[in-house]
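What follows is calculated from the coordinates using simple rules that are stated; it is not laboratory data. No experiment lies behind these values; they were computed from the predicted model shown. Every residue, glycine among them, receives a Cβ derived from its backbone with ideal geometry; neighbour counts consider all protein chains shown.
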Amino acid sequence: MKYESTRGGLEKITGAEAIIKGIADDKGLYVPVQIPGLPLSIKEMEGMSYQQIAYEIIHAFFDDYTENEMKACIDGAYDSKFEAEEIAPLTEAGGAWFLELYHGKTAAFKDMALSILPYLMTTACRKVGEKDKICILTATSGDTGKAALEGFAKVDGTEIIVFYPENGVSQVQERQMVSQEGENTHVVAIKGNFDDAQTGVKKIFSDDEMKEKLARRGIKLSSANSINIGRLVPQVAYYVYAYVKLVEKGAVKEGEPVNITVPTGNFGNILAAYLAKEMGLPVKKLICASNENKVLTDFIRTGTYDARREFHLTSSPSMDILISSNLERLLFLLSGRDGHNIRNLMESLDREKVYSVSDEIKEGMKDFYGGFCTEEDTAKTIASLWQEEKYLTDTHTAVAYKVYRDYVKETGDETPAIIASTASAYKFAPSVASACGIDDERVKSLTCAGTEPTGFDYVRALEKVTGVKVPSGLKDLDTKPVLHNKVCGKDQMENAVLEALD
Ligand SMILES: *Cc1c(COP(=O)(O)O)cnc(C)c1O
């Protein structure tokens, strides 16, 4: 299986090479030259463990890895560091199946891919004879940073540098990152917002002088963001796994379709569901759920992607995104792999913050339904799922569930539904507690004896009231020592990288 850039023109490279590079030299994203079919029938996968299904699916995309290499990657990634034995359990609530993707170390779904990416990458380096050290450079609005740090901490031959906006992540997210152990981990706050961090990182990636400086130090940059194909492919596995488990439970008959709803930010997770469908998994609709930053809802409904709008800070911050990078891959596939067309669209997006797609692409988008959820409805949804179903969801998952209910209301389509459940409620405890009617006075009386409650007090209060167990990665986080305290201006990120590496 070879990989090609979404912007055309470049030679085709192996999976291992694409994983090391992260992003193509023409700024395009790598996609497989052909989407493989499901390597086994659903029947053959019945009874298989998560690890076995993940092996089959990931190996179908990265067939340049030997059986032993791929098995070692899977075994290293999906082990007891996940708090659920099934890795990605399904829970039925409110007439849908919640696929819980947050039982990894950092309590967000990013662990599903970032647990295996370091193994895929270091194996790739061995395979292609890469001598340089790989430095992972990542900008984060909260969840990616910690998951990438956990994944790459103490991995030989790698360094990882994470930039986050100084006042742009929650207290829990910040402490998760700055308490990270591992000599090869570096965490830097920047004086700016997430877009500044992201722009700074992109600039470093495309700076030839910087590339040379790093080459002299024997270092190559790579990415752990979802632009890396090594992050996308492992996510396909859990949709196949979920389908097989629904068949085992008797919730669907083999071959019967399901609908999949995904709370969407950068369009990575839902693109993985699309790839699963293209492999042959029986999926009817892909329901793309947005919060008040509803660029994607509008795009799916009109064919015009228009990022010229106000940016909203919401209670589901991992979806506060106006430019969804992975959409580029879908457009490429739907355009009949027309790299020239995609280059034009993306240049238009860079220049004018808007583009419209061809009728051909619009036609292909018919597999998708787009909807969005307001802040008020997010809170109401959390409350009703908790009060009526005793099922505690985080803000992102609540957005997905609400949009799914809207879809059913609008279409009457009662096809069995999978909701991608992307974070533990405790990761966003202040919003979830408030949605459940636990007000600040109650938090104070339960935890901090009248002083101003911290993010950590909300975690404790929510646990006391609901009895739902706090994931171990989030427990007693405020007692963990701060090991990183660097802050830099948004124009000093290059220096910060060199300092970290010297
Ligand atoms: C990253 C993230 C998302 C968005 O996923 P994309 O792949 O970027 O669309 C949704 N929910 C949570 C909790 C996340 O961390």
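Below, the figures for the structure above:
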item	result
Of every Cα-Cα pair in region 25-121, the percent that sits beyond 19 Å	52 percent
Label-point gap, in nm, between residue 68 and residue 84 - each point 7 angstrom along Cα→Cβ	3.4 nm
Alpha-carbon Debye profile of region 340-386, log10 I(q)/I(0) at 0.23, 0.25 Å⁻¹	-0.85, -0.91
Volume per residue that the Cα convex hull of region 163-297 spans, once the total is divided by residue count, Å³	180 Å³
3J(HN,Hα) from dihedral phi, region 44-53, Karplus parametrisation 6.51/-1.76/1.60, rounded to Hz, x for glycine, proline	5, 8, 4, x, 6, 7, 4, 4, 5, 5
Structure-based [θ]222 nm, the chain - -39500 (n - 2.57) summed over DSSP H runs of at least 4, per residue, nearest 500	-13000 deg cm²/dmol
Pairwise FRET efficiency - residue 380 versus residue 191, Cβ, R0 = 35 Å, nearest 0.05	0.45
Within region 27-72, GluC sites (Glu not before Pro) in DSSP loop having at most 15 other beta-carbon neighbours inside 10 Å	46
Ratio Rg/Rh [Cα only; Rh per Kirkwood] for the chain	0.94
Virtual spin-label span in nm between residue 347 and residue 311, 7 Å along Cα→Cβ	2.6 nm
37 °C / 0.692 mPa s Stokes-Einstein diffusion coefficient of region 93-248, Kirkwood radius on C-alpha pairs, µm²/s	197 µm²/s
Residue 203-residue 487 pseudo-label distance in nm [points 7 Å out on the Cα-to-Cβ vector]	2.0 nm
Relative contact order (percent, whole number), the chain, Cα cutoff 8 Å, 6+ residue spacing	19 percent
Taking 41, 222, 325 and counting other C-beta atoms within 10 Å, the order from fewest to most	41, 325, 222
Normalised contact order of region 306-404, rounded percent, pairs of Cα under 8 Å and 6 or more residues apart	25 percent
Cut-off 15 Å (backbone N to label point 7 Å along Cα→Cβ of residue 251), residues of region 409-430	414-422
Three semi-axes of the equivalent ellipsoid, region 350-426, Cα gyration tensor, whole Å, largest first	29, 17, 11
³J(HN,Hα), Karplus 6.51/-1.76/1.60, whole Hz, each residue of region 170-187, x for Gly, Pro	6, 4, 5, 4, 5, 5, 4, 6, 6, 9, 5, 8, x, 4, 8, 9, 9, 10
Sequence-distant residues sharing a close amide H with residue 258 (under 5 Å, placed H)	283, 284
Which of 213, 285 has the fewest Cβ neighbours within 10 Å, and the rest in rising order	213, 285
Pairs of alpha carbons in region 343-502 whose separation is greater than 18 Å (percent)	72 percent
Viscosity 1.306 mPa s, temperature 10 °C, Stokes-Einstein D of region 184-255 from Kirkwood C-alpha radius, µm²/s	98 µm²/s
Table column - 3J(HN,Hα) (Hz), region 309-319, Karplus curve with 6.51, -1.76, 1.60, x for Gly and Pro	7, 5, 8, 9, 8, 10, 7, 10, x, 6, 10
Principal axis dimensions, largest first and in whole angstrom, of region 218-310 by Cα	46, 45, 19
FRET E, pair residue 2, residue 183, Förster distance 41 Å, beta-carbon r, rounded to 0.05	0.70
Residues of type aspartates and glutamates that residue 427 reaches as a straight line, Cα spacing below 15 Å, ignoring anything fewer than 8 places off in the same chain	100, 111, 143, 174, 394, 457, 463, 476, 478
Rg over Rh [alpha-carbon atoms, Kirkwood Rh] for region 51-108	1.07
Stokes-Einstein D for region 128-204, Kirkwood Rh over Cα pairs, 25 °C, 0.890 mPa s (µm²/s)	194 µm²/s
